[in-house]
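Have a look at the structure below, then the notes.
The values are calculated or read from the model by the stated rules, or taken from the named source; none is laboratory data. The structure presented is a predicted model; accordingly, all values stated were derived computationally and were not measured. Every residue, glycine among them, receives a Cβ derived from its backbone with ideal geometry; neighbour counts consider all protein chains shown. Keep in mind that these areas ignore ligands, DNA and RNA; they rest on the heavy atoms of the full protein, side chains included. Shrake-Rupley method; radii C 1.70, N 1.55, O 1.52, S 1.80 Å.
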Amino acid sequence: MSGVRKPKDDAEKLRARIAIAHGKGKSLADFIEDILKEKPEKEFVEAVRNRIELAHEQEETIDIINLIKEMSDIQNQWA
């Protein structure tokens, strides 16, 4: 599972920030593009970001890869 959750503690949060500062992070749009093999629209990226933020607020872990694929499938059904 490729889970998304908030850091367990301040030390984990600091390690994540250090990794990002050293160029080990990537944008959400790039991450989505890696999964879907196509550049996502801005609205799609924002929808995924909103779902991640909701999970964070509810202290819920989500499978980000599955979430992105499901959201893409739904979007394609409505197209």
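Do you know which of the residues in the range 59-79 that are touching a residue at least 24 places away in the same chain (Cβ under 8 Å) and closer than 12 Å to Leu36 by Cβ is most open to solvent (accessible area, probe 1.4 Å)?
Lys69
If you take the residues of the range 14-58 that are open to solvent by 90 Å² or more (accessible area, probe 1.4 Å) and over 26 Å from Ser72 (Cβ atoms), which of them is modelled with the lowest pLDDT?
Result: His22.
Quick one: is Lys39 farther than 23 Å from Gln58 by Cβ and outside any helix (DSSP H, G or I)?
So Lys39 passes the test.
Taking the range 5-54 only, how many residues are in contact (Cβ under 8 Å) with a residue 24 or more places away in the chain and acidic (Asp, Glu)?
Counting residues in the range 5-54 that are in contact (Cβ under 8 Å) with a residue 24 or more places away in the chain and acidic (Asp, Glu) gives 0.
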